[in-house]
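Down below is the structure, laid out as structure tokens.
The values are calculated or read from the model by the stated rules, or taken from the named source; none is laboratory data. Bear in mind that the values here come from a model prediction, so they are computed numbers and not experimental data. Protein only, heavy atoms only, side chains kept; ligands, DNA and RNA dropped before computing areas. Shrake-Rupley method; radii C 1.70, N 1.55, O 1.52, S 1.80 Å.
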Amino acid sequence: MVGIGIAGFALALGLALALTPLVKKFAVKVGAMDVPDHRKVHTKVMPRMGGLAIYAAFTVTILLFLPWLPDSLLSEHDRNLIMGMLVGGTVIVILGAMDDRFQLNAKLKFLVQIAAACIVVFGYDIKINLVNIPFGSAMQPMGDWLSIPLTIFWIVGVTNAINLIDGLDGLAAGVSGIAIATILVMAAIMGQGSVILLSAVLLGGVVGFLHYNFHPAKIFMGDSGSLFLGFALANLSMLGFKQITIVSFVIPILIIGVPLSDTFFAIIRRLVNKKPIFAPDKGHLHHRLQQLGFSHPKTVLIIYGIAAFFGACAVILSVATSAGMGNWVTFIVICVLIFLLQIGAEVIGIVDKTKRPVINFLRGMFLKQQTDSRSK
């Protein structure tokens, strides 16, 4: 399957490189243009809909490979997973492309996202059905009354999380690519053939598109790209590793830690400032880093580094879990990450530019320790 994955990556990469310029011309022709405003970083009108190239490269490659894969290689569940991603992903891409051109109502977009998630859950019977009780000895089955809404919530939530970080050239594509690469590594370690194929092909499409999307970008992926990548990541991160003995969603959360943490802090920031949760602002991670003086490409590279750190933690947890140490390692990693996230949020002011409770507490403890040592 590794060889098939490499071939799938190469084909999707080539297709994305060839299709993106054509999609750019199509976007200009139909008027799918991103106009600068007070919330956006770019200063000139840019074509979007670039996600069509990623989607086309992924879909064409998968459809070409499927007939040639031996029946013994893919289980019925694997084939359902692939078809669920293709059919649900098609609905998501159409939604995103329409929004790129016509700026659809947020409620309509949300309803269509739920519909796409329902296609995966009800149409192809793909859902979370096992959960690990912390420090328990075995996986426990989950009833449909919980697994179905939890799966839909996960898919819709991750789909929108990727969309929210799409604010700089190459940012959403690069962060998604790192998350996909993390899933690919974990799938290779565990020998999950279907996930290897899907991840490799999707990664090829992203890398090919990123050639045109990194700063200075020639085309934006638009909602057609960010929503599709979020949808694909939600399915891969959840479905590829649902049978690992982990504490709930820790590993999938780490895989897409950057967009999820940015979304979490955005919600907290808006609640603290008494603004609507869905109200757009310029307080996201990439905005704050730029406001601190980092250039456009440096900001993107810093966030790439953070995403890679989250991905490395996910791989470490996966290996530790396989070795029977998952619960304790998970507990330690969660504590360390929560501490680092809080410190980082206070340093860059992603929630509030003036309030730094943990940093002030640590500073106070350090000064007190110095004072005590001098008095002795």
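Helix screen, the chain: DSSP H segments with Cα axial length of 20 Å or more and mean Kyte-Doolittle hydropathy at least 0.0 are 2-30, 51-65, 76-102, 144-164, 171-190, 193-213, 222-239, 257-272, 296-322, 326-348.
When the residues Leu146, Leu233 are ordered by accessible surface, computed with a 1.4 Å probe over the protein chains alone, the sequence from largest down reads Leu146, Leu233.
Rolling a 1.4 Å probe over the protein chains gives Met46 an accessible area of about 10 Å².
Could you check how much of the accessible area of the chain is carbon and sulfur, as a whole percent, using a 1.4 Å probe? Kindly include the intermediate steps, with their values, before the conclusion.
Values: 12170 of 17450 Å².
Ligands and nucleic acids excluded, carbon and sulfur give 70 percent.
With Cα atoms defining each centre, the range 323-374 and the range 216-231 are spaced 34 Å apart in the structure. Mean-square fluctuation check for the chain, GNM, Cα pairs under 10 Å: which of Ser176, Ser72, Ser237 is largest? Largest GNM mean-square fluctuation: Ser72.
Phe122 contributes an accessible area of around 130 Å² to the protein surface, as traced by a 1.4 Å probe with all chains present. Cross-link partners of Lys44 among lysines, defined as those whose alpha carbon lies under 30 angstrom from its own and excluding same-chain residues fewer than eight positions apart: Lys24, Lys25, Lys29, Lys107, Lys109, Lys218, Lys275, Lys282, Lys298, Lys353.
Among Pro252, Pro297, Pro280, the largest mean-square fluctuation in a Gaussian network model of the chain (Cα springs under 10 Å) belongs to Pro280.
Starting from the residue with the highest accessible area, list Asp144, Asp99 in decreasing order, probe 1.4 Å. If you can, show how the numbers build up before the last one.
On the way: Asp144 90, Asp99 10 Å².
From most accessible down to least: Asp144, Asp99.
Could you work out the Kirkwood radius for the range 1-373, taking every pair of different alpha carbons, averaging 1/r and inverting it, reported in Å?
21.4 Å
Among Asn235, Asn360, Asn213, the residue with the largest mean-square fluctuation in a Gaussian network model of the chain, with springs joining Cα atoms closer than 10 Å, is Asn360. Probing with 1.4 Å while keeping every protein chain in the model, the per residue accessible area of the range 1-373 equals 45 Å². Taking all Cα pairs closer than 8 Å and separated by 6 or more residues, the relative contact order of the range 1-373 comes to 22 percent. Heavy-atom accessible area, probed at 1.4 angstrom with all protein chains present, ranks Leu22, Leu340 as Leu22, Leu340, highest first.
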